[in-house]
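Here the structure comes first, spelled out in structure tokens, and everything after it is commentary.
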Amino acid sequence: MVPVDVRRALYLEPVEREGDARGLLVRPVRTSHQCRQDHLMQLAEMNSLGSLRDLLRSYKASFSSLMVLSDDELQRFFEGKLTLRSRNSKSVPSLKAWGLGLQGRICLVCMDEEMVVPQYFNYPLSLICPIHETVLLDVCDGCDSSILYTRKHRLRCGRCQRDFRESTPIPAADWAKEFRRRFSPGKELGFCSVKSHSDLAIARLLLWYQSAGGNRSRYNYPHLSVRHHPWLERVAYMADHLIEQVLEEFRNESPKRLDNLIAWTRCPTPVNSIIQGLLGNSV
Ligand SMILES: [Zn+2]
Ligand SMILES: [Zn+2]
């Protein structure tokens with residue numbers, strides 16, 4: 001599920017140990033495209049352990065360590081047969097780069113049908129559910145608070161307890177489809193580090209561009225929200241020559257980040273082609 005480089009980046013190393021009998025009573029199998037965060041929430045809920053945070057507390061595990069285990073290793077972890085050694089305690093922010101953070105997005109139709117949350121939803125540029133073509137929410141439509149994987153019930157807001165199955169889904173607007181076509185066409189539901197990196201690089205670039213004159217260095221792990229939609233609607237129809245201008249400006253102001261941008265935008269999207277065409281051969 002998780003590419004090896006995530007572990008390397010987080011300095012996590014699985015270590016076998018003697019098992020003890022503290023396995024979970026209910027162990028729903030993760031479906032192939034379900035994200036680990038959603039699976040852990042399901043495990044916590046079905047075993048009446050409270051929230052994901054309570055699950056981590058009961059098993060004395062860090063969030064990042066459970067995110068990078070394979071499914072088999074996770075099973076052995078819950079049986080007490082495996083532990084993880086970590087040399088890095090500040091790993092949660094960097095997990096966001098692979099779509100493995102705590103900030104979630106939900107599709108209200110998926111919720112209504114009690115479907116699992118795919119990894120795809122966690123990538124920075126995912127705005128639409130590819131199955132239902134509806135807007136993904138990252139904030140509650142009742143109380144406007146962030147939708148986090150640490151909420152207690154998968155189908156309810158963690159703050160106002162609104163049942164998401166009672167909310168009305170919003171069909172994706174044409175601009176959002178155009179944004180997906182140009183910036184992030186990947187519909188794949190499984191884990192794909194190429195796509196997550198490409199999304200990360202473009203989200204960084206877009207937020208950098210939006211905050212001209214402001215603090216442009218703070219977008220290491222960007223998250224695009226429904227709050228950004230009015231602006232993203234304009235971005236979706238941005239002319240190619242304007243994107244080239246943004247790139248020129250970026251090249252001048254942030255030369256250190258250029259290598260990442262070039263390396264990470266190899267996923268073939270219309271906008272990535274512009275980036276590769278303009279910058280790919282220039283360094
Ligand atoms: Zn959906
Ligand atoms: Zn709420």
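Where a number appears in this text, it was derived from the coordinates with a stated rule and is not lab data. Quick caveat: nothing in here was measured; it's all calculated off a predicted structure. When we count neighbours, we look across all protein chains shown, and the Cβ atoms used for this are built from the backbone with ideal geometry, even at glycine.
Would you call Pro169 assigned to a loop (DSSP other than H, G, I, E, B), within 14 Å of ligand 1 (Cβ to nearest atom) and in contact with a Leu (Cβ under 6 Å, 6 or more places away or on another chain)? So Pro169 fits the description; yes. Within the set Leu100, Leu84, Leu69, the sole residue that is surrounded by 18 or more Cβ atoms within 10 Å (Cβ to Cβ) and part of a strand (DSSP E or B) turns out to be Leu84.
Given the structure, is Gly142 under 25 Å from His33 (Cβ atoms) and within 16 Å of ligand 2 (Cβ to nearest atom)? Give the steps one after another, and end with the answer.
Numbers: under 25 Å from His33 (Cβ atoms): no; within 16 Å of ligand 2 (Cβ to nearest atom): yes.
Here the answer is no, as Gly142 does not meet what is asked.
Picking from residues in region 102-138 that are farther than 17 Å from Val226 by Cβ and touching a His at 6+ places or on another chain (Cβ under 8 Å), the one that is nearest to ligand 1 (Cβ to nearest atom) is Pro118. Per the conditions (1) away from ligand 2 (no atom under 16 Å from the Cβ); (2) under 14 Å from the mean Cα position of the chain (by Cα); (3) not hydroxyl-bearing (Ser, Thr, Tyr), the sole criterion not satisfied by Ile147 is (1). Residues of region 143-158 that are in a loop (DSSP other than H, G, I, E, B) and either touching a His at 6+ places or on another chain (Cβ under 9 Å) or surrounded by 16 or more Cβ atoms within 10 Å (Cβ to Cβ) (or both): Ile147, Tyr149, Thr150, Arg151, Lys152, Arg154, Cys157, Gly158. Residues of region 219-253 that are small (Gly, Ala, Ser) and surrounded by fewer than 13 Cβ atoms within 10 Å (Cβ to Cβ): Ala239 alone. In the set (1) under 13 Å from Arg36 (Cα atoms); (2) in contact (Cβ under 8 Å) with a residue 60 or more places away in the chain; (3) more than 16 Å from ligand 1 (Cβ to nearest atom), Glu79 fails one condition alone, (1).
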